[in-house]
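See structure below.
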Amino acid sequence: MTTGRIAGFLLFIVAALAALVLVVGPAATGSQTYTVLTNSMAPKYAPGTFLVVKPTPFNELKVGDIVTYQLESGKPAVISHRIIAVGTTQAGERVLTTKGDNNALADPSPVHAPQLRGKLLYAVPYVGFAANLLGQTNRGALVPVLAAGLIGFGLLNLVQGVRGRAKRRSKAVSAARRQSPDSVDA
């Protein structure tokens with residue numbers, strides 16, 4: 001196998017894994033994606049970490065889960081922190097107390113059910129900023145383009161492999177003919 005073929009194969013694997021992790025996984029699980037922008041969850045979830053957050057029923061969350069929630073219900077700004085306590089209000093409503101792993105104090109306000117976006121499904125370090133460059137809209141449009149590119153790349157490798165085998169077979173037959181004495185019919 002040539003260096004170019006190995007590099008192409010490795011590039012194919014990286015592109016396929018990136019598509020799976022950044023686009024297909026979140027779409028298949030109905031998840032949303034976010035990027036960590038601050039050090040509040042460092043070192044495990046440092047700035048630039050790509051988070052995949054799956055919608056989860058509020059009553060299934062427990063201490064230790066990492067959740068993404070709106071800072072104010074109905075507003076777009078979100079934060080991802082770990083649940084450190086589960087409690088209830090005087091009215092009997094379930095609420096969550098959260099805290100960033102790298103923060104000294106718990107978040108000042110409890111999290112209510114309408115604020116919840118979901119629970120962390122998985123995180124990928126370092127790729128969040130690159131994902132942000134694509135934006136939410138472009139990332140969704142990227143799926144068919146990436147799929148077509150990967151299929152095209154696979155077909156190109158298949159055709160090159162078949163051609164290479166045919167050339168080698170042809171050379172082997174030619175070499176065998178040159179080495180064997182001609183037979184004469186009597």
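Results for (1) more than 27 Å from the chain's Cα centre (by Cα); (2) open to solvent by less than 30 Å² (accessible area, probe 1.4 Å); (3) of a type outside the set (V, I, T), shown as yes or no for each residue.
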{"site": "V67", "(1), (2), (3)": "no, yes, no"}
{"site": "A77", "(1), (2), (3)": "no, no, yes"}
{"site": "A91", "(1), (2), (3)": "yes, no, yes"}
{"site": "D107", "(1), (2), (3)": "yes, yes, yes"}
{"site": "P114", "(1), (2), (3)": "no, no, yes"}
{"site": "L120", "(1), (2), (3)": "no, no, yes"}
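Only one residue in T137, T97 is modelled with pLDDT of 95 or more and at negative phi. Which one?
Values: T137 fails: modelled with pLDDT of 95 or more.
Only one candidate passes the filter, namely T97.
Please determine, by comparing only the residues of the range 5-29 that are more than 20 Å from L156 (Cβ to Cβ) and of a type in the set (G, A, S), which one is surrounded by the most Cβ atoms within 10 Å (Cβ to Cβ). Of everything passing the filter in the range 5-29, G25 is surrounded by the most Cβ atoms within 10 Å (Cβ to Cβ). Of all residues in the range 6-33, none that is touching a residue at least 40 places away in the same chain (Cβ under 8 Å) and on the phi < 0 side of the Ramachandran plot has its Cβ atom under 8 Å from the Cβ atom of a residue that is among the acidic types (D, E) and surrounded by 15 or more Cβ atoms within 10 Å (Cβ to Cβ), 6 or more apart or on another chain. Taking the conditions (1) surrounded by 13 or more Cβ atoms within 10 Å (Cβ to Cβ); (2) over 15 Å from V127 (Cα atoms); (3) at pLDDT below 90 in turn, T33 satisfies each one other than (2).
The values are calculated or read from the model by the stated rules, or taken from the named source; none is laboratory data. Since the model is a prediction, treat every value here as computed from it, not as a measurement. Backbone-built Cβ (ideal geometry, glycine too); neighbour counts: all protein chains shown. Just the protein is used for accessible areas: all its heavy atoms, side chains included, with ligands, DNA and RNA removed. Shrake-Rupley method; radii C 1.70, N 1.55, O 1.52, S 1.80 Å.
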